[in-house]
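Since the structure comes first, as structure tokens, the remarks are kept for the end.
The values are calculated or read from the model by the stated rules, or taken from the named source; none is laboratory data. Just so we're clear, the structure is a prediction, and the values are computed from it rather than from any experiment. FYI the Cβ positions are ideal-geometry reconstructions off the backbone, even for glycines, and counts take in every protein chain you see.
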Amino acid sequence: MNSPAQQPDYRYIDDDAGLARFCSALDEASYCAIDTEFVRESTYYPELALIQIAGGDLLGCVDPLAITDFAPLADLLVRQDLIKIFHSSPQDLEILYQKFGQVPAPVFDTQLAAAVLGYSHQISYADLVLQITGVQLEKKYTRANWIRRPLSQEELDYAMDDVRYLVAVYHELDSRLESTRRRSWIERDLQAMSNADNYEVDQARLWQRLRGVQKLKGERLQIASELCRWREQLAQQQNRPRRWIVKDDVIVELARHKPASLEALAKIPELSDKTVKRHGEKILKVIAEASRVDAAQWPQHDSIKNLNSRQMALGDCLMALCRMISDNNSIALATLATRKDIDNLILNQKSSRLAQGWRFAMAGEQLLEFIHGQSAISVEDQVLKLDSK
């Protein structure tokens, strides 16, 4: 790692011409590693503070606060002949989608690749770097204010470590995916990561994220849903955190009590006088309009289906098979499947993670064959085996 006295091995890019030159220098590259630094404490949208890129022999630290023309970078992010490497990519992809209006593609996620290769469940970047390269990364600036300028060279060096070793990690994992013939297992998952729908807010389902929403049903759930929509739209318009407008527990109380006047609104616990003054009339209007919606359109909680005794016994068998499969593939059972995944496979095969992506390739297909009587469990030397009929 660099000390403050050393010349950095990366370019600090803080003007349009520099960004254009750097992106042009990557024209012949077939892959690049990308990471972002951002701040989100006081805004709805994350404030993108740095974009770190490593490709070929190039390392670049892009300052998005100083750039005005992002076209060269936006083009690079969607170049189909350039693999974009991330570790635990969803948050980075969401931020880049919000910034550029398109999701990077194609992508390679080292955390996902590590999962199917037997590394620990949701392994961190630092742990993966240590295990593959032997480099111990520092954690000194995990809480740095990346929006502040100027950033020290130590802070920039720390940020660049997030891509400096990512290429080496990629090569190792990609090689192991090839040798174990597991690359095809994650292809669909990787393609899905570039689907813009994953990073759009589903207004109709906002209520499902609401803490305490389990207490509500019927008309009260409809009111909570409409209040969540209103809060989300206002948070986006004002670029403020949702909780700064109205907290979750306040929305639940509003839905429970259904106030119809400012006086009744003022009695809602934890609803400040300031909020009543600023948004009271609108809140009352949202509640009134929600109450007039036809009952057939009210949201509903997912029905909870309980397994019967025979299904529970089947679930026990499937859990044992998952343990066998995870052991055979040197992968943590927690990474492969939970009991909830197995129960969902029994009750509704499409909703289970075991019916999707790499989990289906590794285990789901075998479990479905067992469920449909196409295979059977046997024991040899106290070891479970799954035999085709």
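Summary table
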item: Filtered residue count, the range 176-191, keeping only those that are touching a residue at least 24 places away in the same chain (Cβ under 8 Å) and either in the same structural domain as Gly357 (by TED's automatic domain parsing) or assigned to a helix (DSSP H, G or I) (or both); result: 9
item: Only listed residue being of a type outside the set (Gly, Ala, Ser) and more than 33 Å from the chain's Cα centre (by Cα), chosen from Lys305, Lys274, Lys247, Lys340; result: Lys274
item: The range 162-202, residues that are of a type in the set (Asp, Glu) and either buried (at least 21 other Cβ atoms within 10 Å of the Cβ) or farther than 20 Å from Ala33 by Cβ (or both); result: Asp162, Asp197, Glu200, Asp202
item: Subset tally (residues that are closer than 30 Å to Ala126 by Cβ and out of contact with any Pro (no Cβ under 8 Å at 6 or more places or on another chain)) for the range 71-81; result: 4
item: Members of the range 346-389 found to be among the polar types (S, T, N, Q), within 20 Å of Lys305 (Cβ to Cβ) and surrounded by fewer than 18 Cβ atoms within 10 Å (Cβ to Cβ), listed by number; result: Asn348, Gln349, Ser351, Gln356
item: Candidate set from the range 335-345 (those that are under 18 Å from Ala114 (Cα atoms) and of a type in the set (A, V, I, L, M, F, W, C)); member that is surrounded by the most Cβ atoms within 10 Å (Cβ to Cβ); result: Ala337
item: Residue tally, condition over 16 Å from Ile223 (Cα atoms) and in a helix (DSSP H, G or I), over the range 236-263; result: 9
item: Members of the range 130-157 that are part of a helix (DSSP H, G or I) and in contact with a helix residue (DSSP H, G or I) (Cβ under 6 Å, 6 or more places away or on another chain); result: Ile132, Thr133
item: Selection from the range 286-301 of residues that are part of a helix (DSSP H, G or I) and of a type in the set (Val, Ile, Thr); result: Val286, Ile287
item: The lone exception for Ala235 - which of (1) surrounded by 13 or more Cβ atoms within 10 Å (Cβ to Cβ); (2) in the same structural domain as Phe38 (by TED's automatic domain parsing) it fails; result: (2)
item: Enumeration of residues in the range 20-51 that are under 20 Å from Ala168 (Cα atoms) and under 19 Å from the mean Cα position of the chain (by Cα); result: Ala33, Ile34, Asp35, Thr36, Ile51
item: Which numbered condition Ala332 misses (of (1) surrounded by 14 or more Cβ atoms within 10 Å (Cβ to Cβ); (2) touching a residue at least 24 places away in the same chain (Cβ under 8 Å); (3) out of contact with any His (no Cβ under 6 Å at 6 or more places or on another chain)); result: (3)
item: The range 91-121, residues that are assigned to a helix (DSSP H, G or I) and of a type in the set (A, V, I, L, M, F, W, C); result: Leu93, Ile95, Leu96, Phe100, Leu112, Ala113, Ala114, Ala115, Val116
item: Unmet requirement for Trp230, which otherwise passes all of (1) of a type in the set (Phe, Trp, Tyr); (2) closer than 27 Å to Leu50 by Cβ; (3) in a helix (DSSP H, G or I); result: (2)
item: Residue satisfying all of: in the range 45-58; touching a strand residue (DSSP E or B) at 6+ places or on another chain (Cβ under 9 Å), surrounded by fewer than 20 Cβ atoms within 10 Å (Cβ to Cβ) and closer than 20 Å to Tyr31 by Cα; modelled with the highest pLDDT among these; result: Leu58
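Okay, residues lined up against (1) closer than 17 Å to Pro299 by Cα; (2) touching a residue at least 12 places away in the same chain (Cβ under 8 Å):
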| position | (1), (2) |
| --- | --- |
| Met193 | no, yes |
| Lys217 | yes, yes |
| Ala260 | no, yes |
| Glu263 | no, no |
| Leu271 | no, yes |
